[in-house]
Amino acid sequence: MRTHSRTAIAAAFVVASLALGAPAHAAEPGPIVTAASTTDPESVFHEFVADLDLPSAKMQQIEDYFASLPEEAQEAGAADPSTLFTVSEVSSTVTPLPTAAPSRGRVTTTTAAGTRTLQVNNRQDVRIGNVSLIIFTLTYTYEARGSAVVRNLGCTGSATGVISASSTPSSWISQGRGTCEVRTQASVFIKGLPFQFTKVHTVTTQAGNPARVDGRIYTV
């Protein structure tokens, strides 16, 4: 790969991680040659797409999307693919689940007291066109009684796509509000250049209404 294309690809992922609120860190790539390219935009962008760890059908979708863009947008995308990235809003879905039956030998009135089991699914995507490159997901399951969370049942999360990632979940309850937090250490390799960033993805129930939540993704 030519140096100018390699630099553009690396820059694209730096901007993508910043767009998600994360600082990107790269290994020293050495001197950067900034000579202008004489290659047509589609050929340069093809090199970027070819480096992504995506199924061939998804790669073709991205290239078809690129080909449909106006000439100015193609030139900008070839020079810096991050100009084509879109970052979705964090979306949350809260779903009631069947409440677990009391364990044998344990006296409880949770069902009579109106205990509910709720599950939150939270997601954010980084896309080019309709193709997701990075997907952050979180699932939080908990029990609520009245206006408060009373027990955490599960907290999981992951980051998938054109990155290598390791996620660590944790959960807690404070003043009747439940929180699920997933800390993800991620990296992406483009022609041997590693870019690392750390994301924290959280969901917290709202005060007084455990069926409503606030979710966000931020940098540490």
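The values are calculated or read from the model by the stated rules, or taken from the named source; none is laboratory data. These numbers come from a predicted model, not from an experiment. Don't worry about glycine lacking a Cβ; one is built from the backbone with ideal geometry, like all the others, and counts go over all protein chains shown.
Summed over segment 166-186, the residues that are within 15 Å of the chain's Cα centre (by Cα) and buried (at least 18 other Cβ atoms within 10 Å of the Cβ) give a count of 6. Whether any residue in segment 159-166 is modelled with pLDDT of 95 or more and within 14 Å of THR139 (Cβ to Cβ) is what I want to check. Within segment 159-166 (the criterion being modelled with pLDDT of 95 or more and within 14 Å of THR139 (Cβ to Cβ)), the answer is no, since none of the residues qualifies. The single condition among (1) modelled with pLDDT under 85; (2) out of contact with any strand residue (DSSP E or B) (no Cβ under 8 Å at 6 or more places or on another chain); (3) crowded, with 17+ Cβ neighbours inside 10 Å that THR38 does not satisfy is (3). Here ALA76 qualifies as in a helix (DSSP H, G or I), more than 24 Å from the chain's Cα centre (by Cα) and either surrounded by 17 or more Cβ atoms within 10 Å (Cβ to Cβ) or outside the structural domain of ASP125 (by TED's automatic domain parsing) (or both).
At pLDDT below 90 and closer than 30 Å to THR179 by Cβ: is that true of GLU89 in this structure?
yes
Apart from one condition, ASN209 fits all of (1) in contact with a strand residue (DSSP E or B) (Cβ under 6 Å, 6 or more places away or on another chain); (2) more than 30 Å from GLU47 (Cβ to Cβ); (3) modelled with pLDDT of 85 or more; the exception is (1).
I need a count of the residues in segment 124-144 that are in a strand (DSSP E or B), among the polar types (S, T, N, Q) and more than 14 Å from the chain's Cα centre (by Cα). First the steps, then the outcome.
Let us first name the residues in segment 124-144 that are in a strand (DSSP E or B), namely 124-128, 131-144.
Among the residues that remain, those that are also among the polar types (S, T, N, Q) are: 124, 132, 137, 139, 141.
Of the ones still in play, those that are also more than 14 Å from the chain's Cα centre (by Cα) are 141.
Number of matching residues: 1.
Confirm whether ALA78 is hydrophobic (A, V, I, L, M, F, W, C), at pLDDT below 85 and farther than 29 Å from VAL203 by Cβ. Criteria not met by ALA78.
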